[in-house]
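The structure under discussion appears below in the form of structure tokens.
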Amino acid sequence: MSKVIPLLPVIVNNEEEYKVEKILDSCIYRRQLQYLIKWKEYRQGANKWIPAKDVHAKEHQTPQLL
């Protein structure tokens, strides 16, 4: 089985940005909308909750799933 090497982040405005494969879920945490992100070419274990204001992948954003 070949090993997939994850994509390196892109630097935008001096900050690292990663490619979003899919938004898996959403929630409100401390009165702030967050998305559970599946990163492109990363394993499920790398999924992470990110504040919606920090997600720039508009094509992947979905209405709240609450």
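The values are calculated or read from the model by the stated rules, or taken from the named source; none is laboratory data. Quick caveat: nothing in here was measured; it's all calculated off a predicted structure. Neighbour counts are summed over all protein chains in view; Cβ atoms, including those assigned to glycine, are modelled from backbone coordinates with ideal geometry.
If only residues of region 1-27 that are out of contact with any Phe, Trp or Tyr (no Cβ under 6 Å at 6 or more places or on another chain) and of a type in the set (Val, Ile, Thr) are counted, the one that is modelled with the highest pLDDT is 20.
Within region 13-27, residues that are free of Cβ contacts under 8 Å to residues at least 12 places away in the same chain have Cβ atoms under 8 Å from residues that are assigned to a strand (DSSP E or B) and of a type outside the set (Ser, Thr, Tyr) in these pairs: 16/10, counting only partners at least 6 apart in sequence or on another chain.
Residue pairs whose Cβ atoms lie under 6 Å apart, separated by 6 or more positions or on different chains, with the first residue in region 35-59 and at positive phi and the second surrounded by fewer than 11 Cβ atoms within 10 Å (Cβ to Cβ) and in a loop (DSSP other than H, G, I, E, B), are 41/4. Here residue 40 meets the list (1) modelled with pLDDT of 85 or more; (2) exposed (fewer than 11 other Cβ atoms within 10 Å of the Cβ); (3) closer than 17 Å to residue 55 by Cβ almost entirely, failing just condition (2).
All but one of (1) surrounded by 14 or more Cβ atoms within 10 Å (Cβ to Cβ); (2) at pLDDT below 85 hold for residue 35, so report the exception by its number. The single condition residue 35 does not satisfy is (2). For region 9-23, residues that are surrounded by 10 or more Cβ atoms within 10 Å (Cβ to Cβ) and either outside any strand (DSSP E or B) or acidic (Asp, Glu) (or both) total 5.
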